[in-house]
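J.: Please read through the structure below; I'll follow up with questions.
The values are calculated or read from the model by the stated rules, or taken from the named source; none is laboratory data. Small disclaimer: the values here were computed from a predicted structure and weren't measured. Cβ coordinates were reconstructed from backbone atoms using ideal geometry, including for glycine residues, and neighbour counts include every protein chain displayed. Please note that ligands, DNA and RNA were not included when accessible areas were found on the heavy atoms of the full protein model with its side chains. Shrake-Rupley method; radii C 1.70, N 1.55, O 1.52, S 1.80 Å.
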Amino acid sequence: MINTTPQESADTFSIEDQIKAAIPNLRELETVGRAMSTQGVSLSDILSSCPPSDDLPAQAAAIASGYLQGMEAAARETDDGIRMELDRRRAELAALQRVNAVATSSLDETTVLNKVVNAVSDVMGVEVCSIYLRQGPNQLVLRATYGLNPSAVGLARLSIGEGLTGWAAQVGKPIAVSDVWLDARTKYLPETKEDDYHSILSAPITASGGEQILGVLNVQTKDCRSFTEDEMSFLEMIAGQLGLSIENARFYGQTDAQLRQKVNALTTLHQVVVAVASSLDPRQVLNTIARQALTLCQGDSSVILARQGQGLRVVAHCGDGDLEHREFVEDIARTAIQQGLHQLKPLPNTEDGARHILLCVPLRGHGSTYGALAVYGKADQEFDSETSDLLTDFACEAAMSVENAQLHQATQKSLEAKSVLLSELHHRVKNNLQTVASLLSLALRHSKSEEASQTLRESYNRVRSIAAAHDLLSRQLIGVTTIGEVALKVIELIEPTIQGRGAIRFVTEGDAIELETREATTLAILLNELLTNALRHGLRGRESGVVKVSYGRQGSEIWVTVADDGNGLPAEFTMSKNKGLGLSIVRTLVEADLHGQVHWAGEGGARFTLTFCPPATSQSRAQAVSRN
């Protein structure tokens, strides 16, 4: 007698009770299997709780089928969540790149503003986008709009601190209001005809390292919309890039030689920022920042110091020789970080006796300071205010690039962890299916009826085919495998069943077409049925022959063909009139699961072709692979 704890007895009784209540209804047993899979109960524990019965194999298969459905549903949910996060990140990056391209496409201020409002309204899905620019010390003027009355451009005006737009300019931070008509700060401007719009998100347009307010970028919607933190950060990044573009355009419009020099410096700054933002590898980003800082300042060497606890550590260094005056540089870096301002100090006791200046600026991102960027000047080189401001602006953009790289690295690690979990899930499903296959095999060995033995043998092969698909998925990229790999795995399982017919060959041919979890497991069953049908009927009584599995893509459809050079099909053959279980399974799975069709031909051997359209995510991934 086996001793169990009260808890174990209660759990076992609960499982047995549910199974007994469902017997003999196989559909209800499937429901029990699905429910148990969501509760974390192992399949072996469930099956061991089945009461002895002549129908035990069928009951076990029903429970296992339901258990598999539950596990596949959990796998799809995990897979969809990962994919949605990746798609969202890609869409956000593409939108930012589009707006950035528009903002830097011209040096004419009016052209830039009009292009930006159109692009922002499109990528953010809002009805209105407007830009108010500062005019004089205390006034904002509408300079461009998409959605509001175009006649109000140049006429609509607000004071700093007046209305929600003026408030955003005054506090220098984004403001989001879901219904402006319920907010006491709202200022109604009749000339804009904005009566129908309720929600607003306002972001200050800044320049010169974020210290100067150039204006405000607004988006509005008719519905009462609560803008997310991601949307606020996105609009704030656009406003920062727009500020740089506006400043660039204004300086370019001046004829003074000094302002022209500033334009060239800003152009260089933009090119340097693009170079820094071209990578998402944290180490490469830091090295690029150090290298490009020398390009901007024409200095002797540069160093990046990152905050680590209460101290600083060197994370990147560019220049000849070792890092000099390290303690002195760390003291200056601490001052720059604490004050949030650039520092200019002469280096003490230089080896060549010449005067060398150290320019150090803080690396400030969104709400935090990463560390400091320091540039060593060449002998007797002076850093003027223009150079200091330029390096400060560059440091702000560089800090955001470092944050993006760190975020990307964290996301990649998270995705890798989820990929491992998904792989483990497929591995456990495969193991559970192998347990079912073992039970079927055991029942097969004890079966005395040829008809029952045939049914058990077919069920055994089907379960092994599904397990083979999950085995492949457990080794691949986040729940993805290829048609060719599934075909080879199913053939590998079938080949031992044709012992004594060694002259029969299997051939596979086709492109590398990816399948996700649902399509892969369904295709494994379909190939098992069609290959078994070809051996049992097409090549009946023959010691040699060829069975070929070919596949490809035509437009948006995937096609898979199983053909043999055997006896062919009867002239009157149709899928609807065929009474065989195997082909009935093929027809049902293709139409119900893959939403496709089955085509056949019987001349020169039997040939069955399956056609279906994969999910949109599989198609987009296949197109990306073909482009690369």
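J.: Residues being in a strand (DSSP E or B) and either under 17 Å from N404 (Cα atoms) or of a type in the set (S, T, Y) (or both): count how many of those fall in segment 278-303.
T.: Adding up the residues that qualify gives 2.
J.: What strands (runs of 3 or more DSSP E) completely inside segment 91-195 contain at least 1 residues that are within 32 Å of the chain's Cα centre (by Cα) and surrounded by 16 or more Cβ atoms within 10 Å (Cβ to Cβ)?
T.: Numbers: elements: 128-135, 139-146, 157-159, 175-177.
Here the list reads 128-135, 139-146, 175-177.
J.: Check whether at least one residue in segment 234-252 is at pLDDT 90 or above and open to solvent by 50 Å² or more (accessible area, probe 1.4 Å), and report yes or no.
T.: No; the residues of segment 234-252 include none that is at pLDDT 90 or above and open to solvent by 50 Å² or more (accessible area, probe 1.4 Å).
J.: Select from segment 496-513 the residues that are modelled with pLDDT under 80 and not basic (K, R) and write down the one among them that is surrounded by the most Cβ atoms within 10 Å (Cβ to Cβ).
T.: Taking segment 496-513 first, the residues modelled with pLDDT under 80 are 496-503.
From what's left, not basic (K, R): 496-500, 502-503.
Details: P496: 7, T497: 13, I498: 15, Q499: 7, G500: 5, G502: 10, A503: 10.
Only one residue fits best here, namely I498.
J.: Can you confirm whether segment 340-354 contains a residue that is open to solvent by less than 30 Å² (accessible area, probe 1.4 Å), over 16 Å from Q381 (Cα atoms) and without any contact (Cβ under 8 Å) to a residue 40 or more places away in the chain?
T.: Within segment 340-354, one or more residues are open to solvent by less than 30 Å² (accessible area, probe 1.4 Å), over 16 Å from Q381 (Cα atoms) and without any contact (Cβ under 8 Å) to a residue 40 or more places away in the chain.
J.: Within 45 Å of the chain's Cα centre (by Cα) and at pLDDT 90 or above, is that true of G582?
T.: So G582 fails the test.
J.: Kindly provide the set of residues from segment 209-236 that are touching a helix residue (DSSP H, G or I) at 6+ places or on another chain (Cβ under 8 Å), within 19 Å of L113 (Cβ to Cβ) and not in a strand (DSSP E or B), ordered by number.
T.: Hits for segment 209-236 are F234, L235.
J.: Within the set of pairs 6 or more residues apart or between chains, which connect a residue that is over 20 Å from V216 (Cβ atoms) inside segment 96-122 to a residue that is open to solvent by less than 60 Å² (accessible area, probe 1.4 Å) with Cβ atoms less than 7 Å apart?
T.: Qualifying pairs under 7 Å: R98/A119; R98/V123; T104/S245; T104/H270; S106/V112; L107/N248; L107/A249; D108/A249.
J.: I want to confirm something. Restricting to segment 26-47 and keeping residues that are touching a residue at least 60 places away in the same chain (Cβ under 8 Å) and surrounded by 19 or more Cβ atoms within 10 Å (Cβ to Cβ), which single residue is farthest from E72 (Cα to Cα)?
T.: L47
J.: Taking the residues in segment 380-401 that are part of a helix (DSSP H, G or I) and of a type in the set (D, E) as candidates, determine which candidate is surrounded by the fewest Cβ atoms within 10 Å (Cβ to Cβ). Reasoning before the result, please.
T.: Here is the first cut: in segment 380-401, the residues part of a helix (DSSP H, G or I) are 385-401.
Filter once more, so that each one left must be of a type in the set (D, E): 386, 389, 393, 397.
Values: E386: 12, D389: 18, D393: 24, E397: 22.
The selected residue is E386.
J.: Within the set of pairs 6 or more residues apart or between chains, which connect a residue that is within 8 Å of Y376 (Cα to Cα) inside segment 287-303 to a residue that is assigned to a loop (DSSP other than H, G, I, E, B) and open to solvent by less than 30 Å² (accessible area, probe 1.4 Å) with Cβ atoms less than 7 Å apart?
T.: G299/G377; D300/G377
Quick grid of which residues meet (1) part of a loop (DSSP other than H, G, I, E, B); (2) β-branched (V, I, T); (3) on the phi > 0 side of the Ramachandran plot:
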position: A336; (1), (2), (3): no, no, no
position: L341; (1), (2), (3): yes, no, no
position: K345; (1), (2), (3): no, no, no
position: P348; (1), (2), (3): yes, no, no
position: E351; (1), (2), (3): yes, no, no
position: A354; (1), (2), (3): yes, no, no
position: A372; (1), (2), (3): no, no, no
position: V375; (1), (2), (3): no, yes, no
position: K378; (1), (2), (3): yes, no, no
